[in-house]
Structure formats: structure tokens, C-alpha cells
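Visitor: Here it is, the structure in full.
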Amino acid sequence: MTSERRYALDALLDALALPFDESVPVDDAVLDEVFGLLTLAHEQDTGLDEHGRALPPAEPPGPRVAELAAGLGLERRGYPGGERFLVALTHDVDLLGVGGFPAALRRLAAGVVRRSPERLREGWAFLLDAFARRDPAFLLERMGPPSTCFFLVRQDDPHDGYPKRYRPALPKALERAAADGREVALHASYRARDCEGGIAEEARLLDDVEGLRHHYLRSNPERLAAELGAAGLRYDSSIAWAPRTGLRAGTPYPYRLWDAERREPGAWELPLVVMDASLAEERYGGLDAERGFEAAVEALEPVAEHGGAVAILWHPPSHHPRLSRGYDRVYTRLLDWIHGHGGWTGTASEVLDRWEARRR
């Protein structure tokens, strides 16, 4: 059996929480399909967007790996705690230090000059936050149960935001996140994928991190396993489409990234299936809160059906009660839906711990 087919077989058996057994009969065509899905072969001809990210295919694969695993005719073991499925709660901290009285007054003035109700609403919200000494971009107290917070440590590109505001606010934000029971992880900068060793260089600027997510989801899947290995990181959670929800690699399960150079599996990939921006931003879904909730549930239903383990992403400003267009309540409703359907939520590392415990 080739290394590629062993990798695919292991992914199928891992989906069922069964130990690796090369004697399990599986057609080579099935193993080749699984390998192609997990290495994103179905995206070879989709083209790239302006950020160099693969565009979604016309027909996304759905939970295909789960369907193929179920077709083996073997019983899938459940989670030790009796959970039906697992969801990692994650936050990409793209902005820090954006509040204060000057920022509030600028927005209020712009609202008056431009006659913009949106700017006026922002200005009043910023003003209230300034009086309360809150950063409107990082309302930790409104971000719900323990989650993984991905922080930027390098901002060399305009897409990385405002370093003059972010960097001074970062130490206190890291301290507050840790004290609040959050997992701290690396949010790789926009250009981190462009140079070999870039991930390792940035990871060294944070203490004891296990996880990675690329800013703008701008990863290079072909080199991701090697970069994570060089950085000593346990997992990535960047394999997703920014414009839409869904299972980009065709699986609702964590899987090992394929290291093409070594022809062996590497670190974990925790599939990201729902992002607030995919739902709410006009350049993507442009959905109001109610339709956003429905789309998020639709994306999570196959995860629940197949006993999966995935991540969802909410940016901290989407928890703001006055500026999130109702998406703060979408998050709360989504957690209620997850728990009401037998799911369990935690940090990304906690989800992977529970995922690995099934097989042991």
C-alpha cells in the first residue's frame, strides 16, 4: 500500500475512532478519493481570488469523507463523554485599541458631516465604550464561554490592520484572555505564508501556543504541514472558504495535514465550517441576522449527523450589542442550538483532546 493510501485509510478509520488496520478492505478508488479530498485536489481548477485563495468549487464536496467512512460497514465509536459532536469556539482578534474618546468624536463628526446614521450609531457606541473604558473591538466579557483567541504578532502588510494601535494593546489583551480561561493561539500575518519559516518566526513571539489560523484564511495548504512542523505547532484551523460556509476538505472531522515532501501526515487540521464574516459581510453572504443563523445551522447539521468535530469563528466586534447588526445574538442562539442537539463546545485544543481520546 502506498503512503498516500495508508494516509487515506488512517483518516477513514480515525473518523470511526478505530485503530489503524491495513487489512480492512477498502477499494483503492475510495482511498484515492479520500486522499484527493483531504489534499484539496478538487480545487486545482477553481482559480484564485485577489488574496491568492482558492475559490470554492461549483459543487462543494459536503461531508463526503464521513459518507465513505460509514460505507465501510464498521461501527463508529462515540465520544467518551457521550457527546454527539464537538465544536471549537474561536475568535480571530484582528483589531485592538480602536476605541477611546478621540475615535468616538471622529465618528460622530463624520456622521454629522456625511449625514450617515451608521457613523452616528458607531460614534455613540464608541462614546459609551470610552466612558466605560472598554475596547469596542475586544469586548471579552461578551464573548461567551471559553474559546481560542488567535492574536496577530506581526503586521507588515496593510491587510494586517493598525499596528500603532494593536501592538500597545496586545500585552494586556493576552493577559486578559488567559485570565478569562481562553486558549491563546497564533493568527499568522497576511504575508506569513509567502516566506519559508514565516510561521515559525511568528510563533516564537508567543509563549506556549499550539494552534494557528492564517489571517484572511490565506494559508498555503501544500506547505502547511511542513510549516506547522517547523514551528512545533499542534494544529491549524485555516482550511475554509471565506465567501461561504461548509466543509472545504469534504470532511466534518479533524485530519492530519499531508506533507507532500516527506510523504507522511503532519499536524492536525481542525475544519472551520462557519465564519461570521462569510454570513454577514456584504462582499460575501450579506445576510441579516435571521438568515445568518439559518445558514450557520445548515452548515453544522452534517457535523452533528456524522459525529464530527469542527470550529466556528466569530470576530470579537460581532459580539458588540450595538454594532454587530444582531450577530451577537446569532452566536448565542448558535451555542444554544449546538448544546440542544447534543453537541459540546470548548477551545480548539480541548476539542482535539476529546477527538484523540475516542481512538485511545
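Visitor: Go through A179, I199, A348 and say which Cα lies farthest out towards the positive end of the charge dipole of the chain; charges sit on Cβ, +1 for Lys and Arg, -1 for Asp and Glu.
Guide: A179
Visitor: What net charge is computed for the residues neighbouring R256, neighbours being all others with C-beta under 13 Å from the C-beta of R256, Lys and Arg scored +1, Asp and Glu -1?
Guide: Details: positive: R6, R234, R262, R263, R359; negative: E4, D10, D14, D236, D259, E264, E269, E356.
With Lys, Arg at +1 and Asp, Glu at -1, the net is -3.
Visitor: Measure out, as a whole number of angstrom, how far apart the alpha-carbon centroids of the stretch 324-339 and the stretch 254-296 sit.
Guide: Rounded to whole Å, the Cα centres lie 17 Å apart.
Visitor: Hey, how many Å between the Cα centroid of the stretch 77-119 and the Cα centroid of the stretch 139-157?
Guide: Result: 10 Å between the Cα centres.
Visitor: In percent, how large is the relative contact order of the stretch 130-232, given Cα pairs closer than 8 Å and 6 or more residues apart? Write out the running numbers ahead of the final one.
Guide: On the way: 115 pairs, mean separation 28.9, N = 103.
Computed over the stretch 130-232, the figure is 28 percent.
Visitor: Also, quick follow-up: What number comes out for the charge environment of A110, summing +1 per Lys or Arg and -1 per Asp or Glu over other residues with Cβ under 11 Å away? Before the final figure, lay out each step's value.
Guide: Working: positive: R106, R107, R114, R115, R119; negative: E118, E122.
Result for the local shell: +3.
Visitor: Is the C-alpha gyration tensor of the stretch 127-175 telling us rounded, prolate or oblate? Criteria: a/c under 1.5 is rounded; beyond that, a/b larger than b/c is prolate, otherwise oblate. Could the numbers behind the result be given before it?
Guide: Numbers: a/c = 2.13, a/b = 1.30, b/c = 1.64.
Taking the square roots of the gyration eigenvalues as a ≥ b ≥ c, the stretch 127-175 is oblate.
Visitor: Top mean-square fluctuation among E227, E50, E282, Gaussian network model of the chain, C-alpha springs under 10 Å?
Guide: E50
Visitor: Sticking with this structure for a sec: Out of the trypsin sites (Lys or Arg not before Pro) in the stretch 192-227, which ones are loop residues according to DSSP with at most 13 other C-beta atoms within 10 Å? Let's see the in-between values first.
Guide: Details: sites: R193, R204, R213, R218, R223; in loops: R204, R218.
For trypsin sites (Lys or Arg not before Pro) across the stretch 192-227 that sit outside H, G, I, E and B with at most 13 neighbouring Cβ atoms in 10 Å, the list reads R204.
Visitor: Right, something else. In square angstrom, rounded to the nearest 10, how much accessible surface does V297 have for a 1.4 Å probe?
Guide: Spelled out: V297, probe radius 1.4 Å, area about 20 Å².
Visitor: Give me the dipole magnitude in Debye, nearest 20, for the stretch 193-301 about the Cα centre, with unit charges on the beta carbon: positive for Lys and Arg, negative for Asp and Glu.
Guide: Numbers: 13 positive and 22 negative charges, 64 e Å.
In debye, rounded to 20, the stretch 193-301 gives about 300.
Visitor: Turning to a different aspect of this structure: The stretch 192-248 to the stretch 40-72: how many Å between their Cα centroids?
Guide: Result: 19 Å between the Cα centres.
Visitor: Continuing with the same structure: In what sequence, largest accessible area first, do C195, C149 appear using a 1.4 Å probe? Don't skip to the answer; put the middle values down first.
Guide: Details: C195 65, C149 0 Å².
Descending accessible area places them as C195, C149.
Visitor: Give the ranking of H215, H315 by solvent-accessible surface, highest area first, calculated with a 1.4 Å probe.
Guide: Numbers: H215 10, H315 35 Å².
Largest to smallest exposure gives the sequence H315, H215.
The values are calculated or read from the model by the stated rules, or taken from the named source; none is laboratory data. Just so it is clear, the structure is predicted and the values come from calculations on it, not from any experiment. Positions of Cβ are backbone-derived with ideal geometry, glycine not excepted, and every protein chain shown enters the neighbour counts. Just so you know, the surface numbers come from the protein's heavy atoms only, side chains and all, with ligands and any DNA or RNA stripped out. Shrake-Rupley method; radii C 1.70, N 1.55, O 1.52, S 1.80 Å.
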